[in-house]
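Participant: Pasting in a structure now, in structure tokens, and then I'll have a few things to ask.
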Amino acid sequence: MNNAAYFKTFEIITKHAHVYLDNALEKYGLNHSYRILIEKIVDNPGISRDVIKKFTHVHPSNTTRAIDYLASEGFIVKKTNDLDKRICYLYPTDKLKLVYNDLMEAENEWMGLITKEFSEEDLNKFFDLLNKSSNLSTLAIHGDKNGN
């Protein structure tokens, strides 16, 4: 296989993963694009809006819109810092915790579906290579830790 074929395969797996998560989140009026926000807010209650923007790798205005939507629909509570009104902290509601549980279940199901024929050794190698690729893609897009 050439690089174009590998890239296409990667795109297909990614697209199917998004469809799978979209189906799981549809009943909440959400889709896969909220995934990172949901996970970061539930795993880090009180995370600031500015810190979460660093994790999304999405344009800050899109992150702000998504956060505002989650707040308007009762998934999160936004609390402003008393000393600096520009700082906003995000807290999950019980409603978001339900979404989170369904999201984690869907992610686990998806990974099980696409790796069900892997041996334990293949599975470990697969995730090791995915992690390496993820680190290299972050480096390629965002530069090194010093911002270069």
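Participant: Kyte-Doolittle cut-off -0.5, length cut-off 27 Å along the helix's own axis using Cα: show which whole DSSP H helices in the chain pass.
Facilitator: Working: long enough: 3-25 (33 Å, 0.06); 94-115 (32 Å, -0.28); 120-142 (33 Å, -0.33).
Membrane-span-like by this criterion, though nothing is claimed about a membrane: 3-25, 94-115, 120-142.
Participant: Can you list the trypsin sites (Lys or Arg not before Pro) in the stretch 39-148 that are in a DSSP coil and have 10 or fewer other beta carbons within 10 angstrom?
Facilitator: Taking the stretch 39-148 and a limit of 10 other Cβ atoms within 10 Å, the loop trypsin sites (Lys or Arg not before Pro) found are Lys85, Arg86, Lys116, Lys145.
Participant: Before anything else, pin down the relative contact order of the chain: Cα pairs under 8 Å, at least 6 apart, normalised by residue count, whole percent.
Facilitator: 22
Participant: Do any GluC sites (Glu not before Pro) in the stretch 77-138 lie in a DSSP loop with no more than 10 other beta carbon atoms within 10 Å, and if so, which?
Facilitator: Working: sites: Glu105, Glu107, Glu109, Glu117, Glu120, Glu121; in loops: Glu117.
Hits after loop and neighbour filter: Glu117.
Participant: Let me ask another. Taking R0 as 30 Å, what's the FRET efficiency between Ser72 and His142 from their Cβ-Cβ distance, rounded to 0.05?
Facilitator: On the way: r = 30 Å, r/R0 = 1.01.
Plugging the Cβ-Cβ distance into 1/(1 + (r/R0)^6) gives 0.50.
Participant: So if each residue of separation counts as 0.36 nm, and I subtract the Cα-Cα distance between Asn3 and Asn81, what length gain in nm does that give? Provide the component values of the computation, followed by the final result.
Facilitator: Details: separation 78, 0.36 × 78 = 28.08 nm, distance 4.87 nm.
Extra length available between Asn3 and Asn81 comes to 23.2 nm.
Participant: I've got another one for you. For the stretch 79-120, what is the convex hull volume of its Cα atoms per residue in Å³?
Facilitator: Here the figure is 107 Å³ per residue.
Participant: If I compute semi-axes √(5λ) of the Cα gyration tensor in Å from the structure I just sent, which labelled value in (1) 35, 18, 8; (2) 31, 21, 14; (3) 26, 16, 13 lines up?
Facilitator: Only one option fits the structure, namely (2).
Participant: Work out, step by step, the length gained on full extension between Glu39 and Thr93: first 0.36 nm times the residue separation, then minus their alpha carbon distance; give nm to one decimal.
Facilitator: This chain segment gains 18.2 nm when fully extended.
Participant: Considering only Leu96, Ile52, Asn108, whose Cα is most displaced toward the positive end of the charge dipole of the stretch 48-146, charges sitting on Cβ of Lys, Arg (+1) and Asp, Glu (-1)?
Facilitator: Ile52
Participant: So what's the net charge close to Ile67: Lys and Arg +1, Asp and Glu -1, counting the other residues with Cβ under 10 Å from its Cβ?
Facilitator: +3
Since every read-out is calculated from the coordinates, none of them should be taken as a lab result. Note that the coordinates shown come from a computational prediction; the quantities given were computed from them, not determined experimentally. Backbone-built Cβ (ideal geometry, glycine too); neighbour counts: all protein chains shown.
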